[in-house]
1. Give 51, 87 a once-over and let me know the one that is under 13 Å from the mean Cα position of the chain (by Cα) and either small (Gly, Ala, Ser) or under 13 Å from residue 21 (Cβ atoms) (or both).
2. Could you look through segment 93-109, keep only residues that are in a helix (DSSP H, G or I) and in contact (Cβ under 8 Å) with a residue 12 or more places away in the chain, and pick out the one that is farthest from residue 20 (Cα to Cα)?
3. Going through 69, 4, 30 one at a time, which residue ends up being touching a helix residue (DSSP H, G or I) at 6+ places or on another chain (Cβ under 7 Å) and surrounded by fewer than 18 Cβ atoms within 10 Å (Cβ to Cβ)?
4. Scan 37, 90 and give me the residue that is charged (D, E, K, R), surrounded by 17 or more Cβ atoms within 10 Å (Cβ to Cβ), free of Cβ contacts under 8 Å to residues at least 24 places away in the same chain and within 29 Å of residue 1 (Cα to Cα).
5. In this structure, is residue 40 out of contact with any strand residue (DSSP E or B) (no Cβ under 9 Å at 6 or more places or on another chain) and within 17 Å of residue 109 (Cα to Cα)?
Amino acid sequence: MQLENDPRFLAAVARFNAGEFYEAGDGFEELFFEAVRDEVELVRALLQVSVGAYHADTGQRRPAIERLEEALLAIDRVTNDRGYDLVRLRDDVKGLMREIRAGRAVSWPRVRRRDSIAPGEP
């Protein structure tokens, strides 16, 4: 089964987008240990974003920044984005990092497909 069709992957993305970062991280971690070839960096990136967002949500600024920096590196190594908008995710993660560093309220990134925009999303 292709990663992007795996119900566990889709559930982890949905949990991330619902702000359930810990649970999303668990889902991506399970998939990470099974990932092969070009799946590895995509799953690693989403795992690191999830863990970074969880740390930010719980007020752990330094670990949040560290994980988000790792996520940016992983995003840059992705060779097959499986239809997900990693350019936007990268920009959103950078914005999140700026907000964390400034101690401001944060805007949580979302994992989006390139070919679809949900109602109400810019």
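1. Just one listed residue meets the conditions, 51.
2. As a first pass, look at segment 93-109 and keep what is in a helix (DSSP H, G or I): 93-102.
Now drop any that are not in contact (Cβ under 8 Å) with a residue 12 or more places away in the chain, which leaves 93-97, 100-101.
Numbers: 93: 16, 94: 20, 95: 19, 96: 16, 97: 19, 100: 18, 101: 22 Å.
Restricting to residues being in a helix (DSSP H, G or I) and in contact (Cβ under 8 Å) with a residue 12 or more places away in the chain, the top hit is 101.
3. Numbers: 69 fails: touching a helix residue (DSSP H, G or I) at 6+ places or on another chain (Cβ under 7 Å); 4 fails: touching a helix residue (DSSP H, G or I) at 6+ places or on another chain (Cβ under 7 Å).
Answer to the check: 30.
4. Numbers: 37 fails: surrounded by 17 or more Cβ atoms within 10 Å (Cβ to Cβ).
Among 37, 90, only 90 is charged (D, E, K, R), surrounded by 17 or more Cβ atoms within 10 Å (Cβ to Cβ), free of Cβ contacts under 8 Å to residues at least 24 places away in the same chain and within 29 Å of residue 1 (Cα to Cα).
5. On the way: out of contact with any strand residue (DSSP E or B) (no Cβ under 9 Å at 6 or more places or on another chain): yes; within 17 Å of residue 109 (Cα to Cα): no.
No: the conditions fail for residue 40.
Quick note: the coordinates plus some simple rules give every number you see, no bench work behind them. What you see is a predicted model, and the numbers here were worked out from it, not measured in a lab. As a convention, Cβ positions derive from the backbone with ideal geometry for all residues, glycine included, and neighbour counts pool all protein chains shown.
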